[in-house]
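The values are calculated or read from the model by the stated rules, or taken from the named source; none is laboratory data. It should be emphasised that the depicted structure is a prediction, and the values quoted were computed from it without experimental measurement. Glycine also receives a Cβ, built like all others from the backbone with ideal geometry; neighbour counts cover every protein chain displayed.
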Amino acid sequence: MRAFLIRRILQSLLTLWVIMSIGFVMFRMLPGDPSSVIADPYLGPEEVAHIKQRYGLDRSVPAQYLIYLQSLARLDLGNSFFYVRPVTRVMADAVPNTLVLVFASFLFAYGGAIPAGVLLSWKRGTKLELAGTFFSLVFRSAPRFWTGLMAVMIFSYFLDWLPHSGMRTPGYEADNLFEKYVSLDFLQHLILPTVVSGLYFLALPLFLIRNTMLEIMGEDYIEMARAKGLKEWVVMYRHTLRNALLPVVSAASVFIGVALGGQVLIEYIFSWPGLGRELVDSINRHDYPVAQGAFLLISTTVVAMNFLADLLYGWLDPRITYR
């Protein structure tokens, strides 16, 4: 177990270093000059050169990379070119908004997938299973930007039921944390991005629970439970579902990591002021420190959740041995 943990930790750190390095180089390969964000357009060449020197933009990419690694060793993500404040403070404002959206999408996806997966396994071979499988695959296969745009067009513009963008109505001021995240205005803005994101991620746990239950339903102890005269719903929920939840629980940690990375597109479509939207905006503004900070945080979460999934699966299933 100890050898496995050490090996997985080293693999995770190596993966993060590779991802971070690729992101660092890619951001600097984008066309445009980040000094245009920092400097006033009316400044002369000497002033612009001084600003580049101050932020280290006049140095070579390898030199900037070494400075970045030294800053990371001090847990310093640098200062934003655009906001002119530490990146950690920019992240602190965006991360809670993203976490709320990820958590809501998680509840929607898993809250719908578990009962739907049980129902499809129970009604296997019927038109209901065919319809459920079809629509799940449609939402999984459809591009999220298209699904998001269709949702906005139908529910915001045609029906005028829900707001189409943002986290709250312009002019609405939240006096405290409760009003910020639990007010009716906030919940109305939360519905569309949650549903669009949740429908995309629903297929994975749905088919996982369905296929696992179909395998378990053929086991001898399930036939024994039926032979005892137990009702079918008791057999399904008390004996079959309990064992079928094992891979679903393990996959939940992977879902959180993947969902966090997947929220970039959702946040951009719905103008949700989260980490994904901040990443896209910072790339467009050539705000390297914020882009690197957001990219690193998302990558770290994805790698950490995959690592947690490995540990959870072994903990939940004693048959799994680590080598």
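Which residue out of GLY125, GLY78 is exposed (fewer than 13 other Cβ atoms within 10 Å of the Cβ) and over 19 Å from VAL196 (Cα atoms)? Talk me through it step by step, then tell me what you get.
Details: GLY78 fails: exposed (fewer than 13 other Cβ atoms within 10 Å of the Cβ).
Within the list GLY125, GLY78, the selection yields GLY125.
Taking the stated definitions as given, is ALA104 assigned to a helix (DSSP H, G or I), over 24 Å from GLU278 (Cα atoms) and in contact (Cβ under 8 Å) with a residue 40 or more places away in the chain? Criteria not met by ALA104. Of all residues in the range 89-98, one or more are among the β-branched types (Val, Ile, Thr), in the same structural domain as ARG285 (by TED's automatic domain parsing) and more than 15 Å from ALA291 (Cα to Cα). PHE81 fulfils the conditions (1) assigned by TED's automatic domain parsing to the domain that holds LEU187; (2) in contact with a Pro (Cβ under 8 Å, 6 or more places away or on another chain); (3) among the aromatic types (Phe, Trp, Tyr) except for a single criterion, (1).
The helices (runs of 4 or more DSSP H) found entirely in the range 1-76 that carry 3 or more residues being out of contact with any Cys (no Cβ under 8 Å at 6 or more places or on another chain), modelled with pLDDT of 70 or more and closer than 18 Å to VAL302 by Cβ are 2-29. The condition (being more than 26 Å from VAL100 (Cα to Cα) and polar (S, T, N, Q)) is satisfied by just one residue among THR169, THR126: THR126.
Please verify whether TYR237 is at pLDDT below 80 and outside any helix (DSSP H, G or I), treating the condition exactly as stated.
Working: at pLDDT below 80: yes; outside any helix (DSSP H, G or I): no.
Against the criterion (at pLDDT below 80 and outside any helix (DSSP H, G or I)), TYR237 does not qualify.
Can you name the residue in the range 285-323 that is modelled with pLDDT of 80 or more and polar (S, T, N, Q) and, of all such residues, is surrounded by the most Cβ atoms within 10 Å (Cβ to Cβ)? Here the answer is GLN292. The combined condition, being over 24 Å from the mean Cα position of the chain (by Cα), within 24 Å of VAL258 (Cα to Cα) and either loosely packed, with under 13 Cβ neighbours inside 10 Å or hydroxyl-bearing (Ser, Thr, Tyr) (or both), is fulfilled by PHE134. In the range 11-24, the qualifying residues are those that are among the aliphatic types (A, V, I, L, M) and touching a residue at least 40 places away in the same chain (Cβ under 8 Å), and the one that is surrounded by the most Cβ atoms within 10 Å (Cβ to Cβ) is MET20.
Among the candidates VAL118, VAL90, VAL95, single out the residue that is more than 20 Å from the chain's Cα centre (by Cα) and either at pLDDT below 85 or under 26 Å from LEU190 (Cα atoms) (or both).
Details: VAL90 fails: more than 20 Å from the chain's Cα centre (by Cα); VAL95 fails: more than 20 Å from the chain's Cα centre (by Cα).
On inspection, the qualifying residue turns out to be VAL118.
Taken over the range 1-10, the criterion of being surrounded by 11 or more Cβ atoms within 10 Å (Cβ to Cβ) and either among the aliphatic types (A, V, I, L, M) or in contact with a Leu (Cβ under 7 Å, 6 or more places away or on another chain) (or both) is satisfied by LEU5, ILE9.
Against the criterion of being within 25 Å of SER271 (Cβ to Cβ), crowded, with 16+ Cβ neighbours inside 10 Å and out of contact with any Cys (no Cβ under 6 Å at 6 or more places or on another chain), LEU120 does not qualify. Quick one: in the range 205-234, of everything that is assigned to a helix (DSSP H, G or I) and of a type in the set (D, E, K, R), which residue is modelled with the highest pLDDT? Looking at the filtered set, the residue picked out is ARG210.
Scanning the range 106-113 for any residue that is assigned by TED's automatic domain parsing to the domain that holds SER253, within 18 Å of LEU214 (Cα to Cα) and buried (at least 18 other Cβ atoms within 10 Å of the Cβ) turns up at least one such residue. Picking from residues in the range 87-99 that are out of contact with any Leu (no Cβ under 7 Å at 6 or more places or on another chain) and surrounded by fewer than 19 Cβ atoms within 10 Å (Cβ to Cβ), the one that is farthest from LEU177 (Cα to Cα) is ARG89.
Conditions tested, residue by residue: (1) of a type in the set (A, V, I, L, M, F, W, C); (2) assigned by TED's automatic domain parsing to the domain that holds HIS164; (3) under 16 Å from ILE19 (Cβ atoms); (4) in a helix (DSSP H, G or I).
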position: VAL254; (1), (2), (3), (4): yes, yes, no, yes
position: GLN263; (1), (2), (3), (4): no, yes, no, yes
position: GLU267; (1), (2), (3), (4): no, yes, no, yes
position: PRO289; (1), (2), (3), (4): no, yes, no, yes
position: THR300; (1), (2), (3), (4): no, yes, yes, yes
position: VAL303; (1), (2), (3), (4): yes, yes, yes, yes
